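Down below is the structure, laid out as structure tokens.
Read-outs: derived from the displayed coordinates by stated rules, not from any lab. Predicted model only: the values in this text are computed from it and were never measured. All Cβ positions, even for glycine, are placed from backbone atoms using ideal geometry, and neighbour counts span all protein chains on display.
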Amino acid sequence: MLNAMVALSIIVIVVGVYFSVRKKINSVKVNNISNLLHRLRPETLRELILLLLILLVVIFFSIVIDHYLNARLFNRVSTSVAIIGILAIGQALVVLTRNIDLSVGAVVGFTAYFVGQQLSQNNEMTPLVAICMAIGIGALMGSFNGFLVAFCRIPAIIVTLGTMALFRTLLVEYSDAQTVLTVNLPQWLLELPRINVVSYEGLHFRLVVAVMCVVVILFHLILRYTSFGRKIYAVGSNPEAAANSGFQSRKIIFITFVMCGALAGLTGFMYLARFGNITVVAGSGLELKSVAAVVVGGINIFGGSGSIFGATLGAVMIDLLENSLIRWLQISEFWRDAMLGMLILCSVATDSVVMKRFRKYRLKKITQKEEKL
Amino acid sequence: MSIILKKLKSWEGFLVLILICTILVNSFNSEAFLTLNNQINVFELSVEKIIIALFMVFIILNAEIDLSVASMMGLSACALGVLVESGIPMIPALGLCLMIGALGGAFNGFWIAVFKLPSLVVTLAMLIGFRGLARVLVEDRSISVFPSWFEALGQQPFLGPFPLSLIIFLGCTVFVVFVLQYTAFGRYVYVIGNNQKVALYAGINVVRVQMYLFTAIGVISALAGILFAARLGAVRGDMGVSFELDIITIVLLGGISIFGGKGSIYGVILSILIVLYLRNGMSLMNVTGHIQTGVIGALLILSVLIPNLQKMIYDYSRQRRKRL
């Protein structure tokens, strides 16, 4: 099992490197490692390193914990990544435009509670209506944030710190100190997290994970190949240049906040399906985890660089560490918050210190090569 | 007369008006509001927040932000609990706690000032990190092993009717006003907030000033944590969660610009009064704590929204006048 996974990951890394340098290999011969290094895009390199680190974490824990590496680990981690992963994609969109959204945790809590309550009062509601309701409420809350940030020119950190408190208050007032209980929820919702798309020898590929994969691929394509996606990067990397080129920066920022809210709404629905019992504190702390996933995944906090795959890998890394630390008996499980903080700090520090140097080095090499030609 | 009108048009004048309204509404709603006991109670119940808010003024004037203060409060309080529990006498334990605060603050400052990482992310990471360390120290217990004199300091009047924490707050206020208004260091803080490059070319040691500021706010957060522990008489891992909301609201409502370099300390003192009286008034009217938090959140947004709208309307009318 272990060997298979290690081999698989190595293959993935090699294929990744190959595909990212393939076009250049055809034109210029790759002689040595340094040549290969400066052919690689820095973002891709960052993601490959993260993948390697995830692999090392898995190997480390499989040595220190007995019976660690089995199908249940995959099932557990993948289901919880599905929740934090979708949230991280929304957060990534916002961070790419040089903003931040700290209210996503409250949005998840509110949508989970609201949809849960509607479903327990009205069991005949179809799944599609419930999902649309969750996404709609999330988008509404996101548009409130987006309006204040984009059109009233208030810094995102202030707006979302305020709405984090506001949305939570809204939830507490709306709930009237009641709890959504699993018994009142319709049967299809309770079965939803256990539906498998594919399963092989105990390895279950759940429906929620498939949903996350679809969202990841969809947003990756949007960011890569649509003009809207490129505009998000442009606004984030240089707002003045974007404004001078005639982009409607405010509209783009507004839309990213709405999308982030909508994805948080979808997360709220999945949160409801996974946990069933929803109290008023549901989803608190998720905002910090989503920022952590985005930053660990290599999205620059100053906006403009990073990819959706990176954010997803960041989410995987964080969830893997969390799920593993709980099972590691030598260390108190209370360490995981402290570890999360250090992880964020380390990744920001490496980004700004190491990656900056690497970018400069790469730029120098490329200009040298062009001068030779 | 015209001078008074001009003063009233400024942000501080606006704050004075709000403050008068709050006091009037509160004293109509409850007779207990204007008694000395209630006044002292108002300050005593959130003295930790307002002490930190005073020093947060420096950070935000510097165009930085510190989200980790509340977690640092929790960490120092928990460290105090653990140290006293393990048999270390009270006075050295207090000193060690302040040291932890200084170290934590300097750690933040190191990344922000030397490596120029964004303070938002560094302190967000430490918001999780310090809180995590606090949880590691006390896990899910609650420690209450403090000697009786320590608890008496936090809970009983120290000088006349005033508790010690209130006297510390008054001392801090005088200190902050003095440093910000009457020393070169205070001017440096404004210059760095206005334009860091200009400050650098003017020969100000930006790194050193920022290191001082972040170390100072670390120490003050640790002190606030100690005061909090003394007032409650027990420590827990989740002490002071989400205090940063109130702290940042007070500073921004006081007219300190989030972009740095603008605002005065007097506005902050007014906004401290406003926020405390609002909370107290709501408590006297039996409004729950959750709604109070929501109101503070709305206040935070409004405190930036109103000046922004003002500026937009001003710009718009000037453009129209130009066209005419």
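Among the GluC sites (Glu not before Pro) in region A:111-212, those located in a DSSP loop and surrounded by at most 15 other Cβ atoms within 10 Å of their own Cβ are A:124, A:201. Which FRET efficiency value, to the nearest 0.05, is calculated for residue A:151 and residue B:195 with the Förster distance at 22 angstrom and r the Cβ-Cβ distance? Step by step, r from the Cβ atoms, then E = 0.25.
Computed over region B:123-184, the alpha-carbon pair-distance distribution with 10 angstrom bins reads 17, 22, 32, 26, 3, each value a whole percent. The relative contact order of chain A comes to 29 percent, based on Cα pairs under 8 Å that sit 6 or more residues apart. As a length-normalised measure over Cα pairs under 8 Å and 6 or more apart, the relative contact order of region B:12-317 settles at 33 percent. Shown here for region B:43-149: GluC sites (Glu not before Pro) in loop regions (DSSP other than H, G, I, E, B) with at most 15 other Cβ atoms within 10 Å, namely B:139. Mean partner shielding of peptide B:297-306, defined as the number of other chain Cβ atoms within 10 Å of each residue Cβ, is 6. Any chance you could give the angle, 0 to 90 degrees and rounded to 10, that helix A:356-372 forms with the longest Cα principal axis of chain A? Tilt of helix A:356-372: around 40 degrees.
Taking only the Cα atoms of region A:44-118, the ratio Rg/Rh comes out at 1.10, with Rh defined as the Kirkwood radius.
The Rg/Rh ratio for the protein assembly as shown is 0.98, where Rg is the radius of gyration of the alpha carbons and Rh is the Kirkwood radius.
Compared with the dominant principal axis of the Cα atoms in chain A, helix A:104-121 is inclined by about 40°.
With distances taken between every two different alpha-carbon atoms, region B:1-99 has a Kirkwood hydrodynamic radius of 17.5 Å.
Modelled spin-label separation between residue A:66 and residue A:195, with each label point placed 7 Å from Cα along the Cα-to-Cβ direction: 3.9 nm.
So what is the calculated 222 nm ellipticity per residue for chain B, using -39500 (n - 2.57) for each DSSP H run with n of 4 or more, over all residues, to the nearest 500 deg cm²/dmol?
-25500 deg cm²/dmol
For chain B, the spread of Cα coordinates along the three principal axes comes to 78, 55, 34 Å, biggest extent given first.
Its Cα gyration tensor gives region A:198-318 an equivalent ellipsoid, and the semi-axes of that ellipsoid, as √(5λ) in whole Å with the largest first, are 30, 17, 14. Within 10 Å of the Cβ of each residue in A:343-356, the mean number of Cβ atoms contributed by other protein chains is 4.
Each of B:3, A:252 was scored by other Cβ atoms within 10 Å of its Cβ. Listed from fewest to most, they are B:3, A:252.
With K and R counted +1 and D and E -1, the other residues having a Cβ less than 15 Å from that of residue B:228 yield a net charge of -2. Quick note on region A:112-203: its Rg to Rh ratio, both from C-alpha atoms and Rh being the Kirkwood radius, is 1.10.
Take the Cα of residue B:45, go 7 Å toward its beta carbon, and the backbone nitrogen atoms of region B:230-249 under 15 Å from that spot belong to B:232. One quarter of the convex hull surface built on the alpha carbon atoms of region B:163-317 amounts to 12.1 nm², the projected area averaged over directions.
Take the Cα of residue A:176, go 7 Å toward its beta carbon, and the backbone nitrogen atoms of region A:97-123 under 17 Å from that spot belong to A:113-122.
Full extension of the segment from residue A:218 to residue A:251, taken as 0.36 nm per residue of separation minus the current Cα-Cα distance, would add 9.8 nm.
So if each residue of separation counts as 0.36 nm, and I subtract the Cα-Cα distance between residue B:187 and residue B:242, what length gain in nm does that give?
Result for the pair: 16.7 nm of gain on full extension.
Of the peptides B:296-306, A:155-165, the order by per-residue mean of other Cβ atoms within 10 Å, starting with the highest, comes out as A:155-165, B:296-306. Checked against a 21 Å cut-off, the cross-linked pairs A:356/B:262; A:356/B:116; A:231/A:251; B:49/B:197 give Cα-Cα distances beyond that limit for A:356/B:262; B:49/B:197.
Around residue B:67, which amide H atoms from residues at least 5 apart in sequence, or from another chain, sit under 5 Å from its own amide H, with H modelled in the peptide plane? Sorted by chain and number, the residues that satisfy this are B:123, B:124. For chain A, the square roots of the Cα gyration tensor eigenvalues, ordered a ≥ b ≥ c, give a/c of at least 1.5 with a/b no greater than b/c, which places it in the oblate category. The ranking of B:172, A:132, B:97 by Cβ neighbour count inside 10 Å, starting from the fewest, reads A:132, B:172, B:97.
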